[in-house]
Amino acid sequence: MKTKSNFINCIVMMIVMALSSMGTMAQQTYISDVYILWGGEHFFSSGDELPDGYVKINIDLNNNYGGDYMYLCYKTTTNIYEAICGLIVVHEDGTEYSCDKKKTIRYNGLTYYPASYSPNSGGGDMFKDSSRSGHYWLYYEKVGRGALFCKPSVITDLWLDSDYEKPSEHEHDVDFFYTHRIRVIPEDGRLVNWGILEFNEQPSLTYPTCIAYRESQHVDHKMELQEYTPATCTTSGNNEYYKCQLCNRGYKLDIWGYHECSEQDIVIPALGHDWDKIYDETTGAWQLDCKRCKHNEVRKQMCITANENDVFLNIWCEINPGDDDDWYGGTYELPEVQYSLNGGPWETFIDNDCVRMNQGDMVWLRGNNIYFSRDESNYTWFKISGSASATGNVTSLIDNTGEGTDYPFDHCFYRLFEGSELETSPRLNATRLNENCYEEMFYGCTNLREVTLCATDKSSVESAIGGWLDGTAANGIVHITDELALADANLQLPTGWKADKVGIHANEDPDNAGDYYATFYDSQSEYSVKEGTKAYTGIVDGDVLNMTAEADNIIPAGEGVLLKGNTADVILTLSDTEKEQTPGNALTGSDSNITAPANSYIFTYAQKGLGFYKYAAGKSLAAHKAYLVNASGVKGGFSLSFDGTPTGTVQIENGEWEMENSLPADIYNLQGVRMNRLQKGINIVKGMKMYIK
């Protein structure tokens, strides 16, 4: 054990390189960091490894007092902005501290930071001896951390002294208290000033201890005028100001440096793009053109637009942690979601995050997720408070771009907008849907009036949209972007809702390949018929139904029609054209399934060819299908004549085939062999085809 009687009380600044003149700042070397090293039980030994770049001063801080050997180490720099400009020793009497508990401290209005200590140096203590009173901590301040530089001074020397005598080559008013004095580095430059900080003010401190440091001469600012630079859409600008080339600070047109600028005084924030926004309904894409810098881009991401002030967009994560079969390790985490307000930079949502919008503000949304929601117990949803509209493509939540056409999992967008004040939906642009991926998607969206659906597969639509429009507005419309896929699909539309395109499956005429027929009726809306198909009304003439094409191919509301075209998939589109019904049209229908009234006739193909055949009373008639009611009770049915031209089938007379001289007509099969009676299949009767079941 050492037999020293006292401990070192001073840490003094050291000179690393003298200034030949104060104008050559780049040649000066400064102290940048200090470090307390535990040396163990032997002089000059090192119980802890010295960090790279540090120099150890082989003077024991526990000199003449006992305890372990402790050393002061330092690091130098030529960058004045990394220089230490203040040192403090703090005494904490009888307080148990550890290194990780030390905080920054304020002294004379400046912030000081704790010096680094080796792990075995007493938990951050300068000394390591149990008989000392309290703890002694070393703190420093740096120019680069906010201390003023140009007008005040910076430290250039360290001095370690334990002698009662004053340094013979220096004059100052502070007595040293101990018998041993060692200079850390010989002075090789001009001494400017010595400063002394004592830390013996607390009554409990037995041995007064001080720290001494040497400062460089203060340096005047080196000012340079910074001219005004305008901001652009993407880069910030600055106001005119003076900037010191030494301390890198700005001043308000003050060459003497007495009125420092804040960043807000100097920087002119980037303006952001002034977008001209155009939406393409056919693709779900926004074309953004900056009116200021002419930059342009296309965005297909889902976009929420505020229709009034103070619209709030929140994202929530619904969690059921008790689910043992959890895909996500027992905790359902919020998927990655980013938002861009008015076309600005992308920012990341956090759970329960909120974006406030005013009228006309637009928020684009995107995410890169293999899933978005899992099931009825674990799902992510947006809460929109205030009137808003959605555009763009909902798939941007899983593929970033909004260009995808597949969903990765079932329930992908389960209850996505639950309870929101959304008036229109984004494009549901996947062409292949998973089970329940749109289930209750707009549940409780009482303002919702428009939905855009792009799916192409009828069966997947029906399995994906369970309850998707429950609790929405009393009236609404589903926009169908694909004209072929949704023929006869059950869209589960609430009462009062319409699809703007109706797909009807037509049947081919067995006698005339390439001709397709179907019937249609809707009491509420006008429809236009796609090119290639015509809509016909019919007027009864005996047992013939004379068919006349609708003008402009527009079907009036409440008009029953027969559709004839060249494709099996017939598309009808909602029309804004108001049109009167055709007088005398015998075709009618219903918007719901009904029981067939007496003397009902439905369109079909039977033994006598295409026509309207008598239908048994009491059977069910399908919704939106046209049928005929004739009080005269024609026994068999009505044949068709289109614009004065018969269909080519045998005329129907009271359910009997037309005879010639009361004798059976000539009957042939397809091979030209004459038959004595009709056979199953196709027969040739009087040169015309006849099909028998």
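The values are calculated or read from the model by the stated rules, or taken from the named source; none is laboratory data. Please read all numbers here as calculations on a predicted model, not as lab measurements. We place every Cβ from the backbone using ideal geometry, glycine too, and count neighbours over all the protein chains shown. Keep in mind that these areas ignore ligands, DNA and RNA; they rest on the heavy atoms of the full protein, side chains included. Shrake-Rupley method; radii C 1.70, N 1.55, O 1.52, S 1.80 Å.
Some observations on this one:
- Inspection of the range 385-392 identifies at least one residue that is of a type outside the set (A, V, I, L, M) and either farther than 28 Å from ASP280 by Cβ or without any contact (Cβ under 8 Å) to a residue 60 or more places away in the chain (or both).
- The range 559-593 - residue that is of a type in the set (Gly, Ala, Ser) and assigned to a strand (DSSP E or B) and, of those, nearest to SER632 (Cα to Cα): GLY565
- Residues in the range 335-366 that are of a type outside the set (D, E, K, R), part of a loop (DSSP other than H, G, I, E, B) and closer than 17 Å to ILE384 by Cβ: VAL337, ASN342, PHE349, ASN352, ASN358, GLN359, GLY360.
- Among the residues of the range 456-473, those identified as open to solvent by 30 Å² or more (accessible area, probe 1.4 Å) and in contact with a strand residue (DSSP E or B) (Cβ under 9 Å, 6 or more places away or on another chain) are THR456, ASP457, LYS458.
- The listed residue being touching a Lys or Arg at 6+ places or on another chain (Cβ under 9 Å) and not hydrophobic (A, V, I, L, M, F, W, C), out of TYR251, TYR279: TYR251
- Residues satisfying the stated conditions in the range 613-635, i.e. assigned to a loop (DSSP other than H, G, I, E, B) and either free of Cβ contacts under 8 Å to residues at least 40 places away in the same chain or hydrophobic (A, V, I, L, M, F, W, C) (or both): ALA616, ALA617, GLY618, LYS619, ALA622, ALA623, ALA626, ALA631, SER632, GLY633, VAL634, LYS635
- Residues of the range 350-378 that are open to solvent by less than 20 Å² (accessible area, probe 1.4 Å) and either more than 19 Å from ASP406 (Cβ to Cβ) or within 8 Å of the chain's Cα centre (by Cα) (or both): VAL355, MET357, MET362, VAL363, TRP364, LEU365, GLY367, ASN378.
- Candidates LEU563, LEU493: the one that is within 22 Å of LEU621 (Cβ to Cβ) and open to solvent by less than 20 Å² (accessible area, probe 1.4 Å) is LEU563.
- Exactly one residue out of LEU453, LEU428, LEU448, LEU416 is open to solvent by less than 10 Å² (accessible area, probe 1.4 Å) and more than 22 Å from ILE315 (Cβ to Cβ), and it is LEU453.
- Out of ASP406, ASP500, ASP410, sole residue that is within 27 Å of SER575 (Cβ to Cβ) and either among the charged types (D, E, K, R) or touching a residue at least 60 places away in the same chain (Cβ under 8 Å) (or both): ASP500
Here is a yes/no grid of residues against (1) open to solvent by 40 Å² or more (accessible area, probe 1.4 Å); (2) in a strand (DSSP E or B); (3) β-branched (Val, Ile, Thr):
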| residue | (1), (2), (3) |
| --- | --- |
| VAL502 | no, yes, yes |
| GLY514 | no, no, no |
| ALA518 | no, yes, no |
| GLN524 | yes, no, no |
| SER528 | no, yes, no |
| LYS534 | yes, yes, no |
| LEU545 | no, yes, no |
| ALA557 | no, no, no |
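- Residue in the range 380-398 that is open to solvent by 40 Å² or more (accessible area, probe 1.4 Å) and either modelled with pLDDT of 95 or more or part of a loop (DSSP other than H, G, I, E, B) (or both) present: no
- Top-ranked residue of the range 578-606 - restricted to ones that are farther than 23 Å from ILE539 by Cα and at pLDDT below 90, ranked as surrounded by the most Cβ atoms within 10 Å (Cβ to Cβ): ASN593
- Any hit, the range 436-451, residues being at pLDDT below 90 and outside any strand (DSSP E or B): no
- Test for SER620: is it over 24 Å from ASP511 (Cα atoms) and open to solvent by less than 50 Å² (accessible area, probe 1.4 Å): no
- Qualifying residue in the range 490-498 (condition: closer than 23 Å to THR305 by Cα and either assigned to a strand (DSSP E or B) or not hydrophobic (A, V, I, L, M, F, W, C) (or both)): no
- GLU347 being modelled with pLDDT under 90, farther than 13 Å from CYS303 by Cα and open to solvent by 30 Å² or more (accessible area, probe 1.4 Å): no
- The residues on offer are ASP375, ASP406, and the sole one that is at pLDDT below 90 and in contact with a Lys or Arg (Cβ under 8 Å, 6 or more places away or on another chain) is ASP406.
- Verdict on ALA551 being surrounded by fewer than 19 Cβ atoms within 10 Å (Cβ to Cβ) and closer than 28 Å to LYS614 by Cα: no
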